[in-house]
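Participant: The structure under discussion is supplied below as structure tokens; questions concerning it will follow.
The values are calculated or read from the model by the stated rules, or taken from the named source; none is laboratory data. Predicted model, so just to flag it, every value in this text is computed and none were measured. Cβ sites come from the backbone with ideal geometry, for glycine too, and all protein chains shown count toward neighbours.
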Amino acid sequence: MQIDKESQSGEASPSSIVFRLEPRSGVPTYLQLVHQVEHALRLGYLREGDQLPRVKDVVASLSINPNTVLKAYRDLEQKGLIGGRPGQGTFVMVSPETVGLPELTALRRSLVTGWLRDASTAGLDEDGITALFMAALRDFRDRSSESSLAGRDRQRGDDGVVA
């Protein structure tokens with residue numbers, strides 16, 4: 001995914017996202033588009049009111065079937081994230097709360113110059129890094145849920161009722 005307010009020719013583009021595909025990922029094309037929009041929303045690259053690329057532009061740039069793009073947009077619309085405006089295009093309808101762009105940039109930079117570089121130096125390829133990260137994320141979630149359960153248990157009185 002590329003986030004860009006200008007097209008490659010340098011002229012202003014009505015959309016702030018340019019889709020990219022990973023043909024070897026095993027993820028269906030429409031889902032790759034859905035995930036890219038969802039990630040751009042979570043990271044604050046797309047905001048409420050931003051326009052998504054027109055279907056015909058996505059089809060032309062990626063050489064994919066228009067039904068694939070329509071399926072992705074329909075999925076996003078069913079999730080309440082985007083909506084079409086007849087004659088105008090498809091626009092972001094909601095913008096979730098997110099960490100500010102400066103904070104995200106700093107976190108990303110520290111990942112790239114720290115943990116990711118260390119993982120690569122240790123000999124992990126991209127798939128190994130992804131697997132390790134996903135395992136660590138699961139551990140983090142498990143510990144977080146265990147911590148919240150333990151905190152709730154400490155708040156209980158002898159009769160088991162939350163104070």
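Participant: How many residues, within the stretch 25-54, are in contact with a strand residue (DSSP E or B) (Cβ under 9 Å, 6 or more places away or on another chain), in a helix (DSSP H, G or I) and in contact (Cβ under 8 Å) with a residue 40 or more places away in the chain?
Facilitator: First, the residues of the stretch 25-54 that are in contact with a strand residue (DSSP E or B) (Cβ under 9 Å, 6 or more places away or on another chain): 36-37, 40-41, 43, 45-54.
Cutting the leftovers down to in a helix (DSSP H, G or I) gives us 36-37, 40-41.
Checking the rest, the ones that are also in contact (Cβ under 8 Å) with a residue 40 or more places away in the chain come to 37, 41.
So the answer is 2.
Participant: Within the bounds of the stretch 71-79, is there any residue that is touching a strand residue (DSSP E or B) at 6+ places or on another chain (Cβ under 7 Å), at pLDDT 95 or above and not charged (D, E, K, R)? Give the derivation first.
Facilitator: Of all residues in the stretch 71-79, those touching a strand residue (DSSP E or B) at 6+ places or on another chain (Cβ under 7 Å) come to 73, 76-77.
Those left that are additionally at pLDDT 95 or above: 73, 76-77.
Cutting the leftovers down to not charged (D, E, K, R) gives us 73, 76.
Yes, because at least one residue in the stretch 71-79 is touching a strand residue (DSSP E or B) at 6+ places or on another chain (Cβ under 7 Å), at pLDDT 95 or above and not charged (D, E, K, R).
Participant: Can you tell me which residue in the stretch 41-74 is nearest to LEU107 (Cα to Cα), limited to those that are among the aliphatic types (A, V, I, L, M) and buried (at least 20 other Cβ atoms within 10 Å of the Cβ)? Step through it out loud before you land on a result.
Facilitator: Initial filter on the stretch 41-74 (among the aliphatic types (A, V, I, L, M)): 41, 43, 46, 52, 55, 58-60, 62, 64, 69-70, 72.
Next, from what is left, pick out any that are buried (at least 20 other Cβ atoms within 10 Å of the Cβ): 41, 46, 52, 58, 69, 72.
Working: LEU41: 17, LEU46: 18, LEU52: 26, VAL58: 30, VAL69: 32, ALA72: 29 Å.
Selected residue: LEU41.
Participant: When you scan the stretch 142-162, do you find a residue that is modelled with pLDDT of 95 or more, more than 26 Å from ARG20 (Cα to Cα) and more than 23 Å from the chain's Cα centre (by Cα), even just one?
Facilitator: no
Participant: In addition: Any residue that is within 30 Å of TYR73 (Cβ to Cβ), in contact (Cβ under 8 Å) with a residue 40 or more places away in the chain and surrounded by 13 or more Cβ atoms within 10 Å (Cβ to Cβ) - is there at least one of those in the stretch 102-125?
Facilitator: yes
Participant: Name the single residue that is nearest to PRO53 (Cα to Cα) among those in the stretch 85-101 being hydrophobic (A, V, I, L, M, F, W, C) and part of a loop (DSSP other than H, G, I, E, B).
Facilitator: Let us first name the residues in the stretch 85-101 that are hydrophobic (A, V, I, L, M, F, W, C), namely 91-94, 99, 101.
Filter once more, so that each one left must be part of a loop (DSSP other than H, G, I, E, B): 93-94, 99.
Details: MET93: 15, VAL94: 17, VAL99: 25 Å.
The qualifying residue nearest to PRO53 (Cα to Cα) is MET93.
Participant: What number of residues within the stretch 55-78 are touching a residue at least 40 places away in the same chain (Cβ under 8 Å) and in a loop (DSSP other than H, G, I, E, B)?
Facilitator: Counting residues in the stretch 55-78 that are touching a residue at least 40 places away in the same chain (Cβ under 8 Å) and in a loop (DSSP other than H, G, I, E, B) gives 1.
Participant: Residue under question is GLY80, and the condition is that it be loosely packed, with under 10 Cβ neighbours inside 10 Å and within 21 Å of GLY44 (Cα to Cα); does it hold?
Facilitator: Working: loosely packed, with under 10 Cβ neighbours inside 10 Å: yes; within 21 Å of GLY44 (Cα to Cα): yes.
In short, yes.
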